[in-house]
Amino acid sequence: MSDKKTEVGAKARVDSSNALSFSAPNLIDQEKRNFIITATACTGAIGAAAVAVPFIGSMLPSERAKAAGAPVEIDISKIKPGEMMLEEWRGQPVWILNRTDEMTADLAKHHDELADPDSKVAQQPEYCKNANRAIKPNMAVMVGLCTHLGCSPQKKLEAGGDMGENWTGGFFCPCHGSKFDLAGRVFKGSPAPTNLVVPPHQYLTETTLLIGVDTVEA
Ligand code: FES
């Protein structure tokens, strides 16, 4: 067994809600509204990092550094098709989305609308440079931070709804309007320049995901 496996186990959870409120008073002009939305979303993303502090605050410096960068082992057996889990790794929110077969099939339907449909920009490990940006076709693993200015996009997993009749599910960043599909690929016209980051990861068993390293022997 590799030495790296001994690093596994520093696990942290954060609240799964990343929804933002849009109930700003009508008297607030658009400029102030944009500032508030940006600040709120980015604060939420940063908050994910803050969760880890109580766990590592009492450790020695060397232990602290190791825990902050340690891989995170996750039981994904409870994520039903169509559902998403939020975890934290290196102070960043990481989404684990169990796409339904229909969601996965829909990924091939809007290539013309995407800025980088074939994931040519190195925003993912080589083993995820494929049609689904995933090791398991239905299981998406992404860092939940917008590649524009780092806000945390909202999940808009369902087709249609307030995103319009052509929407097949994905993520919407309210800060400046970037849109991503269910593989984290950015739509053309978004201020975000690249697809969402796929972190290094691997499966230790059928239902155990390891985020942060991809060289441990399964
Ligand atoms: S941070 Fe600007 S669109 Fe997401």
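The values are calculated or read from the model by the stated rules, or taken from the named source; none is laboratory data. What you see is a predicted model; the values in this text were computed from it and never measured. Neighbour counts run over all protein chains shown; Cβ positions are idealised from the backbone, glycine included.
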Checklist line | Segments classed as strands (runs of 3 or more DSSP E), wholly inside the stretch 133-196, with at least 3 members that are touching a residue at least 24 places away in the same chain (Cβ under 8 Å) and near the ligand (Cβ under 10 Å from one of its atoms) | finding: none
Note to self: Just to be sure I understand, how many residues within the stretch 75-120 are at pLDDT below 95, closer than 19 Å to N195 by Cα and in a loop (DSSP other than H, G, I, E, B)?
What the structure shows: 1
Next item on the list: Identify, from the list A131, A159, the residue that is among the small types (G, A, S) and either under 25 Å from T207 (Cβ atoms) or crowded, with 18+ Cβ neighbours inside 10 Å (or both).
Entry: A131
Checklist line | Residue that is farthest from the ligand (Cβ to nearest atom) [pool: residues in the stretch 122-132 that are of a type outside the set (A, V, I, L, M, F, W, C) and outside any helix (DSSP H, G or I)] | finding: N130
